[in-house]
1. Report yes if Gly470 is modelled with pLDDT under 95, out of contact with any Leu (no Cβ under 8 Å at 6 or more places or on another chain) and of a type outside the set (A, V, I, L, M, F, W, C), otherwise no.
2. Test Ala289 against the criterion of being open to solvent by less than 40 Å² (accessible area, probe 1.4 Å), in contact with a Phe, Trp or Tyr (Cβ under 7 Å, 6 or more places away or on another chain), over 28 Å from Lys367 (Cβ atoms) and of a type in the set (Gly, Ala, Ser), and give yes or no.
3. Of all residues in region 536-553 being in contact (Cβ under 8 Å) with a residue 24 or more places away in the chain and within 46 Å of the chain's Cα centre (by Cα), which is most open to solvent (accessible area, probe 1.4 Å)?
4. For region 457-491, which residues satisfy the criterion of being open to solvent by 50 Å² or more (accessible area, probe 1.4 Å) and among the small types (Gly, Ala, Ser)?
5. Taking Asp248, is it modelled with pLDDT under 95 and either surrounded by 19 or more Cβ atoms within 10 Å (Cβ to Cβ) or assigned to a helix (DSSP H, G or I) (or both)?
6. Could you count how many residues in region 16-46 are at pLDDT 95 or above and in contact with a His (Cβ under 8 Å, 6 or more places away or on another chain)?
7. Can you name the residue in region 409-430 that is of a type outside the set (D, E, K, R) and open to solvent by 60 Å² or more (accessible area, probe 1.4 Å) and is also nearest to Asp383 (Cα to Cα) among such residues?
8. Of the residues that sit in region 82-93 and are of a type outside the set (Phe, Trp, Tyr) and at pLDDT 95 or above, which one is most open to solvent (accessible area, probe 1.4 Å)?
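The values are calculated or read from the model by the stated rules, or taken from the named source; none is laboratory data. Quantities reported herein were computed from a predicted structural model and do not represent experimental measurements. Because the Cβ atoms are built from the backbone with ideal geometry, glycine has one as well, and the counts that use them run over all protein chains shown. For accessibility, only protein heavy atoms count, side chains too; no ligands or nucleic acids. Shrake-Rupley method; radii C 1.70, N 1.55, O 1.52, S 1.80 Å.
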Amino acid sequence: IRDKLVTGVQTCALPILGNRVEGRSTGPKCIAIVGPFGSGKTTLMEALLERSGAIKAQAAVGSGNTVGDFSPEAKEHAMSVEASFATTDFMGERLTFVDCPGSIEFSGEASPVIAAADLAVVVAEADEKKVPALQLVMRELDRAGIPRMLFLNKIDKSGMGARDALKLLQPACSRPLLLRQIPIWKDGIAVGSIDLALERAYIWREHAPSEIAEIPSEHKAREVEARFSMLETLADHDDALMEQLLEDVAPPRDEVFDDLVADLRSGDVTPVFIGSALNGNGILRLLKALRHEAPDVAATCERLGLEPRGAGIVQVMKTIHTSHAGKLSVARVLAGTVADGAELHGSSGIVSKVSGVFSVMGKDVSKRGSASAGETVGLGKLDEAATGATLSTDKSGTPDLAALAMPQPVYAVAVRPKERKDEVKLSAALARLSDEDPSLVVEQSQETGETILRGHGEMHLRVVLERLQGKNQIAVDVARPSVAYRETIRKGISQRGRHKKQSGGHGQFGDVVLDIKPLPRGSGFEFSETISGGVVPRQYFSSVEAGVRDYLNCGPLGFPVVDVAVNLADGSYHAVDSSDMAFQQAARLAVKEGLAACSPVLLEPVMKLTISTPSDATAKVTAMVPQRRGQILGFNPRPGWQGWDQVEAMIPEAEIGDLIIELRSATAGVASYMAEFDHMAELTGR
């Protein structure tokens, strides 16, 4: 059967699809380039743009000249920190590539892009240390339900065969990896590839189209075996192909391509292509596969549940605030046409008017005419539109098609301007930054008066601060956010408080006896009265409570007091000089003196954490918890995640400020956690 599968008509023409797919998709496409940090995504986009003629030469990452990493922050750190867009024409079709950051700290950039893209190209390499990071990427693609191809990069440096690499990477992928090419080895170096669908060999040339060649005889057996394995996987979803294999009939090549396309678009398999983005190897074959096999905007609309009805509909993928032109919303046109001056309506009733339609090529923006379905363009001054929003030219609007799933922030800093005159300017700048980056959370603490930035790691917030001080020209002081300590008491007391003042005319007189006692943790504050005989008129009860509450806002240790019961037990009044204010002052005096004698103690918030970590780092993670005055509650396999654990722990809030830095250091940058307040506990161990 394998000999028969190798035979067949050799033709250079790409196939016309058969019954399972209704022809090759056409029209502009949007391709998200995703993958673990350092896998070569920016380099791949450079190679794709160079091979398709959009740029003259491929620039090296770190040179500062790539189309993708153009921002000062990306150049400074030699890494992608935001999604970047580039459009090219290849063989008569328009392709927009979106380079998404690979670091988990900037994963929020990818979510709105993936929602509107037609397909994701996952860039990976045969590196065991990066498998958990690949799993994070694949999970996000699963959540969005988007088809994907995998580009096995750096094949020339891996030293590992393609099939061995797939065995390494498969645990990170929920869908079967389907090898489409195998490398041609010479002296231990990959010098070309064999396309298993076309049954054709390609000898690579650096930054140039490959040379088509006959399959080397020494690789023929490997090709037969690999092709048969590919066909077996396809036959799992095609009964006709299964019958052909069982009957030792070589399937027609156009039907093989038909199955490859159908299984890609349905998500039954993840096709795997090989190459070297740095050397430009395997790039042309990947481009052709994207042109012929990737779904188009019609399939994306179906995936999102959108039924176009003639109106122009766009999905906002990225928001950019430019220095001179104002707000620019990079959006995918899902249906209809959008032109300059069009009014776009959102699901919440917002209305924004398009002020210019632009082509976006990295940092370069150029004005153009209207945009039609499938195109990815910049839309000027949609001031009310947020990243991830769905907008329509129909006045009734359209529901948002894709909810952004931002993970919980895990790192925070407090900022304040170095100069008070910049306070208003700081608020406006932070509003723009959070508009550009939906994963950034800006909070104003009512208790401490601090402005707090919450993000997904130390590098994430470092980049935010660099933009704040660079792009927005605002110098700030940075500190760790204050912890919301509380205080309580360990014992009770009965305390008299008397306020008496005579200064001519009516005086002030208030006299109370308060019984103060501790309450169980989490009870808060309780006020009661057991007055008998009218020694304190009922009309002053609320004044006494107000005076007590006022002092409890800042107790003897300087923090709000909780878990305390106060009972008004006795007192006296003056028919002329007593007043609401006098009894408030008397209550303040009583509780002030009483609390100081009740063995006050400081309470700190304790958080319950669920830490997600690769299993091989679980021991390191559990060792961190007691070092931070925490308590391990247990750990179990992470549900549905092969090779991951979840560690449950209680850790004081004061100890988790920089926990994420240590967690990421121990797990190759992939660990994270969810935290929620659990209880207040007496401060110990400090």
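1. On the way: modelled with pLDDT under 95: yes; out of contact with any Leu (no Cβ under 8 Å at 6 or more places or on another chain): yes; of a type outside the set (A, V, I, L, M, F, W, C): yes.
In short, yes.
2. Values: open to solvent by less than 40 Å² (accessible area, probe 1.4 Å): yes; in contact with a Phe, Trp or Tyr (Cβ under 7 Å, 6 or more places away or on another chain): yes; over 28 Å from Lys367 (Cβ atoms): yes; of a type in the set (Gly, Ala, Ser): yes.
Yes; evaluated as a whole, the condition is true for this residue.
3. Arg549
4. Narrowing region 457-491 to residues open to solvent by 50 Å² or more (accessible area, probe 1.4 Å): 458, 462, 466, 469, 471, 473, 477-480, 482, 486, 490-491.
Answer for region 457-491, where residues must be open to solvent by 50 Å² or more (accessible area, probe 1.4 Å) and among the small types (Gly, Ala, Ser): Ala479, Ser482.
5. On the way: modelled with pLDDT under 95: yes; either surrounded by 19 or more Cβ atoms within 10 Å (Cβ to Cβ) or assigned to a helix (DSSP H, G or I) (or both): no.
So Asp248 fails the test.
6. 0
7. Filtering first and then ranking leaves Ser427.
8. We begin by selecting, within region 82-93, every residue of a type outside the set (Phe, Trp, Tyr); these are 82-84, 86-89, 91-93.
Next cut, at pLDDT 95 or above only: 82-84, 86-89.
Details: Glu82: 39, Ala83: 7, Ser84: 4, Ala86: 0, Thr87: 37, Thr88: 5, Asp89: 81 Å².
Of everything passing the filter in region 82-93, Asp89 is most open to solvent (accessible area, probe 1.4 Å).
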